[in-house]
1. Which of (1) assigned to a loop (DSSP other than H, G, I, E, B); (2) at pLDDT below 95 does Asn46 not meet, given it meets every other one?
2. Regarding segment 14-31, can at least one residue be identified that is charged (D, E, K, R), without any contact (Cβ under 8 Å) to a residue 24 or more places away in the chain and assigned to a helix (DSSP H, G or I)?
3. Just checking, which of Lys56, Lys18 is more than 17 Å from Asp84 (Cα to Cα), more than 16 Å from the chain's Cα centre (by Cα), exposed (fewer than 14 other Cβ atoms within 10 Å of the Cβ) and not hydrophobic (A, V, I, L, M, F, W, C)?
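The values are calculated or read from the model by the stated rules, or taken from the named source; none is laboratory data. Being a predicted model, the structure only gives us computed values, none of them experimental. Neighbour counts are summed over all protein chains in view; Cβ atoms, including those assigned to glycine, are modelled from backbone coordinates with ideal geometry.
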Amino acid sequence: MDHDSKKKVIKKYGTHEKDTGSAQVQAAILTTRINQLTDHLKSHKNDIHSRQGLLKLVGKRRRHLQYLKTKNQEDYTKLIGKLDIRK
């Protein structure tokens, strides 16, 4: 993920321009990285190291979302709707 795309994600999901640490922004950044790795693994099926990294990112995103769910249920439901990650 390059610097410009990360800035766009922060601007879209953050409460202000310098908001990089909130759970919403962190989950959004992880989601874009997860989507990139998923596309990579579709064409490189035997890339085990990237697969391990993907699983770590998914776990980290899950923990951020769980934290957000306990702190603010309304923001959690809005975020998963925007990111389109849950059915």
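1. Only one criterion is unmet by Asn46, namely (2).
2. Kept after step one, since they are charged (D, E, K, R), are these residues of segment 14-31: 17-19.
Narrowing the set further to residues that are without any contact (Cβ under 8 Å) to a residue 24 or more places away in the chain leaves 17-19.
So of that shortlist, the ones also assigned to a helix (DSSP H, G or I) come out as none.
Within segment 14-31, not a single residue is charged (D, E, K, R), without any contact (Cβ under 8 Å) to a residue 24 or more places away in the chain and assigned to a helix (DSSP H, G or I).
3. Residue meeting the stated conditions: Lys18.
Residue-wise test of (1) outside any helix (DSSP H, G or I); (2) at pLDDT 95 or above; (3) touching a Leu at 6+ places or on another chain (Cβ under 9 Å).
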residue: Gly53; (1), (2), (3): no, yes, yes
residue: Arg62; (1), (2), (3): no, yes, no
residue: Gln66; (1), (2), (3): no, yes, no
residue: Lys82; (1), (2), (3): no, no, no
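The rows are residues; the columns are (1) within 19 Å of Tyr13 (Cβ to Cβ); (2) touching a residue at least 24 places away in the same chain (Cβ under 8 Å); (3) exposed (fewer than 11 other Cβ atoms within 10 Å of the Cβ).
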| site | (1), (2), (3) |
| --- | --- |
| Asn46 | no, no, yes |
| His49 | no, no, yes |
| Gln52 | no, no, yes |
| Arg61 | yes, yes, no |
| Gln73 | yes, no, yes |
| Tyr76 | yes, no, no |
| Leu79 | yes, yes, no |
| Leu83 | yes, yes, no |
| Arg86 | yes, no, yes |
